[in-house]
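The values are calculated or read from the model by the stated rules, or taken from the named source; none is laboratory data. Every value quoted in this text rests on a predicted model; they were computed, and no experiment measured them. When we count neighbours, we look across all protein chains shown, and the Cβ atoms used for this are built from the backbone with ideal geometry, even at glycine. Note: accessible area is taken over every heavy atom of the protein model, side chains too, but ligands, DNA and RNA are not part of it. Shrake-Rupley method; radii C 1.70, N 1.55, O 1.52, S 1.80 Å.
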Amino acid sequence: MRRDVDAGRLRAFLRALGATARAETTVYLTGGATALLYGWRPGTIDVDLKLEPDRDEVLRALPRLKEELEMNVELASPDGFLPEVPGWRDRSPFVTREGLVTVRHYDLYAQALAKIERGHARDLADVAAMLDRGLVAPARLRELHEAIEPLLYRFPSVDPPTLRASLEAALSGR
């Protein structure tokens with residue numbers, strides 16, 4: 001059984017990951033890792049991330065690091081659930097640099113939209129925390145949703161009217 005990840009364990013993982021890269025790589029954190037580092041959650045059950053570009057040496061190190069550090073690591077990001085949100089890379093906040101690895105949070109607007117689409121209680125609580133902390137603005141979140149809405153046909157599991165209603169519910173009163 002792997003243990004929950006706290007901020008210290010996450011930073012140890014990022015240092016170890018940085019030591020494996022032999023070329024410039026960007027790691028985008030998402031989900032619980034973002035919530036953890038921003039401080040609205042004390043822990044997470046897994047570390048979700050996206051590598052850009054994919055680096056074999058980093059990918060090969062993941063199973064070893066998962067075992068050594070007793071943590072769950074998943075290759076997952078908002079663009080696996082929804083169309084890429086325009087400008088997401090430019091809005092991805094810097095976290096740290098470890099060796100040749102630059103660590104960023106995946107764009108918080110894209111994360112919020114993906115969490116709204118999933119609709120789990122924890123995901124919606126994360127969206128509320130992003131809104132409460134001013135990390136995402138309601139009007140901009142609506143604009144970015146409108147930008148990806150015409151591309152939702154590429155994600156047949158997503159029902160566009162349901163996503164729009166869920167977005168409005170998440171933003172109600174804001």
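Taking every protein chain into account, the 1.4 Å probe leaves F81 with about 80 Å² of accessible area, to the nearest ten. Measure off, as a whole percent, the carbon and sulfur share of the 1.4 Å-probe accessible area of the chain, all protein chains present. Carbon and sulfur together cover 51 percent of it. Under a model in which nothing but the beta-carbon of Lys, Arg (+1) and Asp, Glu (-1) is charged, the chain shows a dipole of about 400 debye around its Cα centre.
Determine Rg/Rh for the chain; Rg is computed over alpha-carbon atoms and Rh is the Kirkwood hydrodynamic estimate from the same atoms.
Working: Rg = 16.2 Å, Rh = 16.6 Å.
Radius of gyration relative to Kirkwood radius: 0.97.
Projecting label points 7 angstrom from Cα along Cα→Cβ for D132 and E57 puts them 4.3 nm apart.
Return the FRET efficiency for the residue pair R89, A169: r is the Cβ-Cβ distance, R0 is 35 Å, and the value is rounded to the nearest 0.05.
Numbers: r = 29 Å, r/R0 = 0.82.
FRET efficiency, R89 to A169: 0.75.
Before rounding to the nearest 500, sum -39500 (n - 2.57) across all DSSP H runs of length at least 4 in the chain and divide by the residue total; then give [θ] at 222 nm in deg cm²/dmol. It would help to have the intermediate numbers written out before the result.
On the way: 7 runs with 81 residues, N = 174.
-14500 deg cm²/dmol, from helical runs alone.
Once the chain from V158 to N72 is taken as fully extended at 0.36 nm per residue, the excess over their C-alpha distance is 28.3 nm.
Can you give the net charge of the other residues whose Cβ lies under 12 Å from the Cβ of R22, counting K and R as +1 and D and E as -1?
Working: positive: R55, R60; negative: E24, D56, E57.
Value of the local net charge: -1.
Remark: the Cα gyration tensor places the range 116-164 in the oblate category, a/c being 1.5 or greater and a/b not exceeding b/c.
Between the alpha-carbon centres of the range 24-67 and the range 98-163 there is a gap of 18 Å.
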